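Input: a single structure, listed below in structure tokens.
The values are calculated or read from the model by the stated rules, or taken from the named source; none is laboratory data. As the structure is a prediction and not an experimental result, all values here were calculated from the model. A quick note on method: Cβ atoms are made from the backbone with ideal geometry, for glycine too, and the neighbour counts reach across all protein chains shown. Only protein heavy atoms, including side chains, enter the accessible area calculation; ligands, DNA and RNA are left aside. Shrake-Rupley method; radii C 1.70, N 1.55, O 1.52, S 1.80 Å.
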Amino acid sequence: MRRTKVAELLRMDPNDQELVVMGWVRAFRNNRFIALNDGSSISNIQLVIDPELTSEEQLRRVTVGASVRASGRLVASSGSGQRVELEVAGWEILGDCDASAYPLQPKKHSLEFLRQIAHLRFRTNTFSAISRIRHSLAFAIHAFFHQRGFYYLNAPIITGSDAEGAGEMFQVTTLDLDRVPRTENGNVNYEKDFFGRRTHLTVSGQLEAELAATALGQVYTFGPTFRAENSNTPRHLAEFWMIEPEVAFADLNDNMDLAEDLLKSIIRTVMEQCQEDLDFLGRREAEEDKQKPMAERSEFPLEERLRFCLEHPFERLSYSEAIDILRNSSPNKKGKFQYPVDRWGVDLQSEHERYLVEKHFRKPVILTDYPKEIKAFYMRQNEDGRTVAAMDILFPGIGEIVGGSQREERYDVLLQRMQEMHIPVDEMYWYLDTRRFGTCPHAGFGLGFERLALFITGMTNVRDVIPFPRFPGNAEF
RNA sequence: GCCUCCUUAGCUCAGUUGGUUAGAGCGUCGGACUGUUAAUCCGCAGGUCCUUGGUUCGAGCCCAAGAGGGGGCGCCA
């Protein structure tokens with residue numbers, strides 16, 4: 001018989017239909033009430049069984065985590081915690097769950113503990129809510145681009161280029177590491193490797209996206225990205241997901257408009273589609289905050305933060321303007337910054353970005369026109385000769401969530417910059433070809449999916465918003 | 001990679017100046033319960049005090065090294 005999902009049952013009115021529900025026990029009270037969850041909703045359906053008609057043996061098998069099939073009628077609940085409940089006529093345990101061995105019990109568990117049992121943490125309210133939100137986020141992103149006429153581009157995950165410059169790379173090889181083939185002069189002979197050359201996992205689909213954008217007009221990638229950096233922070237993963245739109249005939253302003261529209265559109269969609277899950281995560285955060293000292297608490301509740309973000313334009317200012325603000329800021333004058341802001345040209349540290357976003361403007365900030373020395377080779381040089389048309393979007397509590405730029409479309413300027421920055425020009429002939437043949441102004445950015453998920457769920461560690469986090473020293477599950 | 005804090009029951013944590021038999025709450029297990037909402041009530045059990053070495057008459061507590069985890073910083077999304 002077809003099962004009705006819990007989410008659907010909870011929306012239905014009482015009726016005489018015989019319904020079947022399947023799920024996992026979350027709580028069993030008074031030998032009579034089973035709170036059943038099937039992942040379709042943060043809420044449980046209450047099953048009401050008659051203990052008089054049930055053997056002790058059967059009752060004993062109803063433990064937290066056990067899977068159950070039950071049939072019966074949906075009736076109005078006489079309890080106060082729910083509108084409807086299932087008056088059970090027949091039920092069976094599909095899978096027993098030994099409560100003395102099962103790590104999850106009806107009590108609060110720490111996120112650190114749940115991280116160690118990531119294979120089971122989907123079964124908690126917090127992770128099921130995050131999982132549903134993550135799904136809605138992904139769909140909202142595809143919908144946004146689709147509606148605007150972008151094409152979804154599958155950039156390669158294995159790349160032969162080691163010049164992307166976005167960080168340390170994982171090498172991909174089928175060579176026997178115990179018996180590596182050598183050339184005559186003793187180097188590793190990559191001609192014997194699977195692809196006949198040295199290959200890595202991608203650190204960015206941007207360069208490939210540029211190839212597609214300069215023919216298809218508007219494209220975006222949405223795929224996994226790999227960085228072999230030894231990063232140990234709540235904002236970094238070795239394997240994460242990134243969205244990288246690339247648009248032909250677009251400048252830096254178009255790029256900022258697109259990014260801001262995208263972020264707001266996603267937030268709006270998720271607030272509509274995941275109301276219940278957001279409510280739950282908001283309450284969860286509020287409770288966590290009670291345990292924290294005042295200074296570490298969130299200033300506003302989760303949903304208020306999201307709404308605030310929708311209702312106000314992001315603050316846009318240049319790097320130079322930011323430097324002026326930071327120079328004259330009281331923490332800088334009082335020597336509170338670990339890295340004092342003393343001159344134009346210094347790279348901004350986390351503490352500076354946080355001051356701008358969390359103290360000075362108190363909303364998302366887009367910083368533009370950075371010194372060329374601290375940015376990548378492909379960013380378009382401005383007329384002033386010392387800055388590039390870059391933009392970073394900084395979010396409260398998370399820092400950089402978007403990094404992008406208008407790309408250098410002038411062949412000679414790009415070539416010269418690549419040579420200055422020791423980018424192997426020969427290997428990158430294919431990238432330069434876009435500038436040789438019908439070049440055009442274009443722009444794009446990268447949006448970190450997990451960082452976005454952090455902002456929307458109110459979680460504080462990216463390891464908690466991806467199902468199976470990969471980071472230095474850990475690739476479990 | 002650097003700095004810093006933590007590691008005591010299944011989980012979250014107390015543990016006095018180094019002193020005899022290491023505690024609590026929750027959970028588990030056993031019992032009670034026909035309207036409960038992480039139900040409630042009664043009771044029992046549960047420990048390699050992260051590991052190794054050292055100091056000491058005596059170490060959960062002091063010292064050293066190692067392992068694991070959190071936070072900050074860097075790299076960045």
Original post:
Residue by residue through the range A:379-391, which ³J(HN,Hα) values in whole Hz follow from phi under the Karplus form 6.51 cos²θ - 1.76 cosθ + 1.60 (θ = phi - 60°), with glycine and proline marked x?
Top reply: 7, 6, 6, 7, 4, 5, x, 10, 10, 10, 7, 9, 8
Original post:
Of the accessible area of the range A:380-435, with the probe set at 1.4 angstrom, what percent is carbon plus sulfur?
Top reply: 47 percent
Subject >> DSSP-loop trypsin sites (Lys or Arg not before Pro) across the range A:383-477, with at most 15 other Cβ within 10 angstrom >> reply: A:R386, A:R410
Original post:
Using only the Cα atoms of the range A:6-106, what do you get for the radius of gyration and for Dmax, in Å?
Top reply: 12.8, 39
**OP:** Using only the Cα atoms of the range A:273-369, build the gyration tensor, take square roots of its eigenvalues as a ≥ b ≥ c, and label the shape rounded, prolate or oblate: rounded if a/c is under 1.5, else prolate if a/b is larger than b/c, else oblate.
**Re:** oblate
Subject >> At 1.567 mPa s and 4 °C, Stokes D of the range A:38-86 from Kirkwood alpha-carbon radius, µm² per second >> reply: 103 µm²/s
**OP:** State the antiparallel share, in %, of DSSP beta bridges confined to chain A, rounding to the nearest 5.
**Re:** 90 percent
Original post:
Can you pick out the pairs among A:K108/A:K359; A:K334/A:K359; A:K264/A:K333 whose Cα atoms lie more than 27 Å from each other?
Top reply: A:K108/A:K359; A:K264/A:K333
Original post:
Restricting the count to DSSP beta bridges whose residues both fall in the range A:6-106, what percent are antiparallel, rounded to a multiple of 5?
Top reply: 95 percent
Original post:
How big is D for chain A, in µm² s⁻¹ as a whole number, if Stokes-Einstein is applied with the Kirkwood radius of its Cα pairs at 37 °C and 0.692 mPa s?
Top reply: 128 µm²/s
Original post:
Once amide H atoms are built 1.01 Å from N in the peptide plane, which residues 5 or more positions from A:T199, or in another chain, come under 5 Å H to H?
Top reply: A:V172
Original post:
Are there any helices in chain A, counted as whole DSSP H runs, that stretch 18 Å or more along their axis by Cα and score at least 0.5 on average by Kyte-Doolittle, and if so which?
Top reply: none
**OP:** Taking every pair of Cα atoms in the range A:164-204, average 1/r, invert it to obtain the Kirkwood radius, and report Rg/Rh to two decimals.
**Re:** 1.03
**OP:** Grab the other residues whose beta carbon is less than 15 angstrom from that of A:R436, score K and R as +1, D and E as -1, and report the net.
**Re:** -3
Original post:
Taking a ≥ b ≥ c as the square roots of the eigenvalues of the Cα gyration tensor of the range A:111-247, is the shape rounded (a/c under 1.5), prolate (a/b larger than b/c) or oblate?
Top reply: oblate
Original post:
Just from its helices, what would the mean residue ellipticity at 222 nm be for chain A, if runs of 4 or more DSSP H residues each count -39500 (n - 2.57) and the sum is divided by every residue, rounded to the nearest 500 deg cm²/dmol?
Top reply: -9000 deg cm²/dmol
Original post:
Roughly how many debye, to the nearest 20, is the charge dipole of the range A:14-151 about its Cα centre, given +1 on each Lys and Arg Cβ, -1 on each Asp and Glu Cβ, and no other charges?
Top reply: 860 debye
**OP:** For chain A, report the accessible area per residue in Å² (1.4 Å probe, heavy atoms, rounded to an integer).
**Re:** 50 Å²
Original post:
Taking Cα pairs under 8 Å and at least six residues apart, what relative contact order does the range A:193-244 come out at, in percent?
Top reply: 35 percent
Original post:
To the nearest 20 debye, what is the magnitude of the charge dipole of the range A:311-354 about its Cα centre, counting +1 on the Cβ of each Lys and Arg and -1 on the Cβ of each Asp and Glu?
Top reply: 280 debye
Original post:
Taking Rh as the Kirkwood radius computed over C-alpha pairs, what is the Stokes-Einstein D of the range A:342-427 at 10 °C in a medium of viscosity 1.306 mPa s, expressed in µm² per second?
Top reply: 113 µm²/s
**OP:** Just flag the trypsin sites (Lys or Arg not before Pro) in the range A:287-381 sitting in loop per DSSP whose Cβ has no more than 12 other Cβ atoms within 10 Å.
**Re:** A:K334, A:K336, A:R343
Subject >> Centre separation in Å (Cα based) which lies between the range A:1-77 and the range A:261-285 >> reply: 28 Å
Original post:
Roughly what would the spin-label model give for A:R29 and A:Q17, points 7 Å off Cα along C-beta, in nm?
Top reply: 2.7 nm
Subject >> Given charges at beta-carbon only (K, R positive; D, E negative), |dipole| of chain A in Debye >> reply: 1020 debye
**OP:** Name the residue farthest towards the positive end of the dipole of chain A from the options A:W241, A:N185, A:M256, assuming +1 on Cβ of Lys and Arg, -1 on Cβ of Asp and Glu, about the Cα centre.
**Re:** A:W241
**OP:** Scan around A:A27 for amide H atoms under 5 Å from its own, H built in the peptide plane at 1.01 Å from N, and keep only partners 5 or more places away or cross-chain.
**Re:** A:A35
Subject >> Contour minus Cα-Cα distance for A:R316 and A:H142 (0.36 nm per residue) >> reply: 60.0 nm
Subject >> Carbon + sulfur, % of accessible area of the range A:27-102 - ligands and nucleic acids excluded, 1.4 Å >> reply: 44 percent
